[in-house]
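The values are calculated or read from the model by the stated rules, or taken from the named source; none is laboratory data. Only a predicted model underlies this, so the values are computations on that prediction, with no experimental measurement involved. Counting neighbours? That spans all protein chains shown, and the Cβs are built from the backbone with ideal geometry, glycine included.
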Amino acid sequence: MNGTKTPEEPVEIKRFLRSIIEASGTRGKFVVFTGNRLPKYLWDAWEPALKSRGYKWQDLLRAVSRASNVILEWVEGDAPWERVVEAVWGELEKARKGAAPARGPGRARRLDEFF
């Protein structure tokens, strides 16, 4: 995780997201983004580290979106918090290295790349 500290597991957010699944009767990305509570929590915990690496709020949102299956497993008690943290950072790094199609640090395209 590039030396970034794992934030404390947000059990209140986990309970909230689980209640959304129970109330809606379904699971999906919309659960992860309800109220943006989890992305905001991660941004607040990692903001200095993210900004120092050139990441923006939108980059974190994309990473959370791509890690949503692991996040939902965590919400349902099938994955540990550390796995969520690793998945989100993994998605950020993939985008940075060009393995993911998202734009992120160093991913701006020049016009000549389209021809």
Those residues of segment 60-104 which are surrounded by 15 or more Cβ atoms within 10 Å (Cβ to Cβ) and modelled with pLDDT under 85 amount to A95, R96, A100, A102, G104
Scan segment 2-20 and tell me whether some residue there is over 18 Å from P80 (Cα atoms), touching a residue at least 60 places away in the same chain (Cβ under 8 Å) and touching a helix residue (DSSP H, G or I) at 6+ places or on another chain (Cβ under 8 Å).
yes
Those residues of segment 1-12 which are surrounded by 13 or more Cβ atoms within 10 Å (Cβ to Cβ) and either at pLDDT 95 or above or more than 15 Å from V88 (Cβ to Cβ) (or both) amount to P7, E9, P10
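For A79, indicate whether it is hydrophobic (A, V, I, L, M, F, W, C), farther than 21 Å from K97 by Cα and outside any helix (DSSP H, G or I).
For A79, the condition - hydrophobic (A, V, I, L, M, F, W, C), farther than 21 Å from K97 by Cα and outside any helix (DSSP H, G or I) - is met.
Can you go through R27, R15, R37, R53 and tell me which one is more than 17 Å from E93 (Cβ to Cβ) and either hydroxyl-bearing (S, T, Y) or modelled with pLDDT under 95 (or both)?
R27
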- Taking the stated definitions as given, is R107 basic (K, R) and modelled with pLDDT of 95 or more? no
